[in-house]
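Below is one structure; the comments refer to it alone.
Values in this text are rule-based calculations from the coordinates and carry no lab data. Note that the coordinates shown come from a computational prediction; the quantities given were computed from them, not determined experimentally. All Cβ positions, even for glycine, are placed from backbone atoms using ideal geometry, and neighbour counts span all protein chains on display.
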Amino acid sequence: MTLQRKPKVIDVARLSGVSTATVSRVLNDPAVVSEATREAVLAAVKQTGYRVNRAARSLRTNTSRTILALVPNLSNPFFSNILSGLERELSAADYSLLITDSGDAKLTADHIQRYVAAGQADGLIILDGGVDLQQLEVVQSAAPTVPIVFACEWVEGFKGASVRADNAGGIRMLVDHLWQLGHRKFGHVSGPDTNVLSHYRQRAFEQHVVDLGGELRPEWILPGDFSIAAGKHAAAQVINMPEKPTAWICASDQIAFGLIAGLTEAGVRVPADVSVTGFDNIEMTEVFNPPLTTIHQHRNKMGNEAARRLLAQLHDYETEVNTPTVMPVYLVERQSTGPVSKKVEMCSP
């Protein structure tokens, strides 16, 4: 179909064999129409070259069709796949994604409401677990109500939707894997003390080691902040320990990278002398030396699901807003872990 003028909604309707109202529903609320109708209308949109006038629609509906994502550290490669999943799902529903780094300054209700009041966002997807609960409650109590979904991280006590990985289950998989390799002395480098993921992973680590009957000492639990620098700092402490764990479980892959780098520089071999694991399975884990044993999170699917839950709230389909979606994880075994050293076994009591 070739048009000599700018295509209109009625052109899309005629070509797809539906009413203009149905075309509008497909473009504005696609979940309420059948898949066959959506496909027919979208094919007609493509064929005619029809473009939605976003500015006019925003004025008419008092919506921006934009979702704001708050990310604590855009330089961290972990978040890229989650954002990709968000963008893909939102784009399919004709929403745009606006991303801001929330890690530079403490995020307040005033900051968040400024985005909403300016008509820049219809909803929020928050990847930052460091947001203050009271500030979130202020946002939730304001009118008009702004849908909020947490992805990956969350805030304890927040009454709203969240999508997260099975953090405790992943840590138990790592401990079980190392236990089967003969390790009985375990160390842990944690994430930031204020981060909910750090707490969940550390608690699961301590509990499972105790349940299995392994050895766990307070001095073998070191602070960190999910960064390579934190791992390097931990390595300097490990090297000076009079008695050391035979295996280290790190709260993130980047911590594990730094720990392995620091140990290697000091002449400690991984995994011949000590085993090291990460958590997240970011892109570098396969090419790092040695390739890192870690826990894989379905970050792309996590983004998809967070977007779906937000869209459901926007269109009043969400019924169980306070129920978290916990996504499964799985162990990826690589060359940074191995059997406990024979030398260590002979020296053990």
Tell me, what HN-Hα J-couplings in whole Hz come from the Karplus equation 6.51 cos²θ - 1.76 cosθ + 1.60 at θ = phi - 60° for each residue of the stretch 224-235, using x for Gly and Pro?
x, 8, 6, 10, 4, 4, 5, x, 5, 5, 5, 4
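Suppose we keep just the DSSP beta bridges with both residues in the chain; what percent of those would be antiparallel, to 5? All intermediate terms of the calculation are to be shown ahead of the outcome.
On the way: 4 of 35 bridges.
Antiparallel: roughly 10 percent of the beta bridges in the chain.
What list do you get for SER341, SER19, SER252 if you sort them by fewest beta carbons within 10 Å? If you can, show how the numbers build up before the last one.
Working: SER341 18, SER19 12, SER252 28.
The fewest-first ordering by Cβ neighbours comes to SER19, SER341, SER252.
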If you project the alpha carbons of the chain onto their three principal axes, what span does each projection cover, largest first, in Å?
83, 43, 33
Ranking request for peptides 328-334, 10-16: highest mean number of other beta-carbon atoms within 10 Å first, then the rest in descending order.
10-16, 328-334
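For the stretch 189-247, just run the numbers: alpha carbon Rg, then divide by 2.2 N^0.38 Å, N being how many residues it has.
Values: Rg = 11.9 Å, N = 59, 2.2 N^0.38 = 10.4 Å.
That ratio works out to 1.15.
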Using helices alone, I'd like the mean residue ellipticity at 222 nm for the chain: each DSSP H run of four-plus residues gives -39500 (n - 2.57), total over residue count, nearest 500.
-13000 deg cm²/dmol
Whose amide H sits under 5 Å from the amide H of ARG65, counting only residues 5 or more places off or on another chain, with H placed in the peptide plane?
ASP122
Step through the residues of the stretch 208-220 one at a time and calculate ³J(HN,Hα) from phi using the Karplus curve (6.51 cos²θ - 1.76 cosθ + 1.60, θ = phi - 60°), rounding each to whole Hz and writing x for Gly and Pro.
6, 4, 5, 4, 7, x, x, 9, 9, 10, x, 6, 8
Computed over the chain: relative contact order in percent, which uses C-alpha pairs under 8 Å that are six or more apart:
17 percent
Restricting everything to alpha-carbon atoms, can you work out Rg to Rh for the stretch 190-349 with a Kirkwood hydrodynamic radius?
1.05
Cβ-defined net charge surrounding GLY85, 12 Å radius [Lys, Arg +1; Asp, Glu -1]:
+1
